[in-house]
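Undergrad: Mind looking over this structure? Questions follow.
The values are calculated or read from the model by the stated rules, or taken from the named source; none is laboratory data. Keep in mind that what you see is a predicted model, and the values were worked out from it rather than measured. All Cβ positions, glycine included, derive from the backbone under ideal geometry; neighbour counts span all protein chains shown.
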């Protein structure tokens, strides 16, 4: 299958650079567009919609410190980013609508190999909710 639009689920850690690098390689090989998504789940569903900070100049629904941290992580790539979606709540709840709205055909997310991820896996929720292919990238335990 030739993927045309890759969505990378980012978290606020240096591990996201691994996911960005993987997306960059695939995008180069496939000629695909790449978009990023970050969902702040720490305070629940404060704002129901995703905001594309590339085009929407309103105040994003996450803390400024988190936004700066994301920009530091993503500034390390020269990969052109089609959309940079920010929201609150749970990505798995927003996944089907986001995929349809932005015509995504591959999701890249990470999975930590640590004790807590064996008990509570965020990627499991994404796998269950996703109508498209997912590349789950193993990440170092913290």
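Undergrad: When the stretch 65-76 is examined, which residues are found to be more than 27 Å from residue 124 (Cβ to Cβ) and either in a strand (DSSP E or B) or in contact with a helix residue (DSSP H, G or I) (Cβ under 8 Å, 6 or more places away or on another chain) (or both)?
TA: 76, the sole residue that qualifies.
Undergrad: Let me ask another. Mind listing whichever residues of the stretch 103-142 are closer than 15 Å to residue 15 by Cβ, at pLDDT below 80 and not in a helix (DSSP H, G or I)?
TA: Just the residues of the stretch 103-142 that are closer than 15 Å to residue 15 by Cβ, to begin with: 108-114, 116-117, 121-123, 135-142.
Checking which are at pLDDT below 80 leaves us with 111-114, 116-117, 121-123, 140-142.
Answer for the stretch 103-142, where residues must be closer than 15 Å to residue 15 by Cβ, at pLDDT below 80 and not in a helix (DSSP H, G or I): 111, 112, 113, 114, 121, 140, 141, 142.
Undergrad: Could I ask something else about it? For the stretch 29-42, check the following and say yes or no: at least one residue is at pLDDT below 90, more than 14 Å from the chain's Cα centre (by Cα) and either closer than 20 Å to residue 98 by Cβ or surrounded by fewer than 17 Cβ atoms within 10 Å (Cβ to Cβ) (or both). Break it down into steps so the answer makes sense when it comes.
TA: Step one: of the stretch 29-42, the residues at pLDDT below 90 are 38-42.
If we keep only those that are more than 14 Å from the chain's Cα centre (by Cα) as well, we get 42.
Right, trim to either closer than 20 Å to residue 98 by Cβ or surrounded by fewer than 17 Cβ atoms within 10 Å (Cβ to Cβ) (or both) and you get 42.
Checked the stretch 29-42: at least one residue is at pLDDT below 90, more than 14 Å from the chain's Cα centre (by Cα) and either closer than 20 Å to residue 98 by Cβ or surrounded by fewer than 17 Cβ atoms within 10 Å (Cβ to Cβ) (or both).
Undergrad: Limited to the stretch 80-94, what total is found for residues that are over 12 Å from the mean Cα position of the chain (by Cα), surrounded by 16 or more Cβ atoms within 10 Å (Cβ to Cβ) and in a loop (DSSP other than H, G, I, E, B)?
TA: Summing the residues that are over 12 Å from the mean Cα position of the chain (by Cα), surrounded by 16 or more Cβ atoms within 10 Å (Cβ to Cβ) and in a loop (DSSP other than H, G, I, E, B) in the stretch 80-94 gives 1.
Undergrad: Being at pLDDT 75 or above, loosely packed, with under 12 Cβ neighbours inside 10 Å, under 23 Å from residue 27 (Cβ atoms) and within 16 Å of the chain's Cα centre (by Cα) is the requirement here; does residue 52 meet it? If you could, list the steps in order and put the result at the bottom.
TA: Numbers: at pLDDT 75 or above: yes; loosely packed, with under 12 Cβ neighbours inside 10 Å: no; under 23 Å from residue 27 (Cβ atoms): yes; within 16 Å of the chain's Cα centre (by Cα): yes.
No; evaluated as a whole, the condition is false for this residue.
Undergrad: Return the only residue of 81, 62 being at pLDDT 85 or above and touching a helix residue (DSSP H, G or I) at 6+ places or on another chain (Cβ under 9 Å). Spell out the reasoning first.
TA: Numbers: 62 fails: at pLDDT 85 or above.
Being at pLDDT 85 or above and touching a helix residue (DSSP H, G or I) at 6+ places or on another chain (Cβ under 9 Å) holds for just one of 81, 62, which is 81.
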